[in-house]
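Let me begin by presenting the structure, written as structure tokens, before commenting on it.
What follows draws every value from the coordinates through simple rules; no lab data is involved. Model, not experiment: these values are computed from the prediction. Here the Cβ is made from the backbone with ideal geometry for all residues, glycine too, and neighbour counts use every protein chain on show.
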């Protein structure tokens, strides 16, 4: 699941504030209807059809741990990779939810914040 995953597809970025796609560096301002050029200090994120992944811990020692990323890879490929890591590391799960454009994983395994971070990155960004 590296950034060049074989199943990776093109997904447009979205303008954070206006929640609208950015195409060729431009977006539609939903308040005014104007087409505007995105500036360097404006935030963008991958939106649909990319998959939004949130991994969090509910173990009492790491409830503050949350990881979020979007990947332009089919949900089934990401979910299979994530569950492979859960099995390989024998992680305890509280819950998993997956839809076409979202995956939510709640871990209940005892981990340090550093271990959580490394596992979350491996689940979503590394293969």
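Some observations on this one:
- Cα shape, the stretch 51-124, gyration tensor, a/c 1.5 rule: prolate
- Counted over the stretch 27-127, the DSSP beta bridges are approximately 70% antiparallel.
- In plain terms, the residue of 56, 71, 30, 104 with the fewest other Cβ atoms within 10 Å comes first and the most crowded comes last, giving 30, 104, 56, 71.
- For the chain, the longest principal axis of the alpha carbon atoms and the long axis of helix 75-89 meet at an angle near 30°.
- Simple spin-label estimate for residue 95 and residue 29 in nanometres, 7 Å along Cα-Cβ: 4.0 nm
- Principal-axis tilt of helix 113-124 within the chain, Cα atoms, nearest 10 degrees: 60 degrees
- Shape of the chain, Cα gyration tensor, a/c cut at 1.5: prolate
- Per-pair calculated FRET efficiency, R0 = 22 Å: residue 126 and residue 104 via Cβ, rounded to 0.05: 0.70
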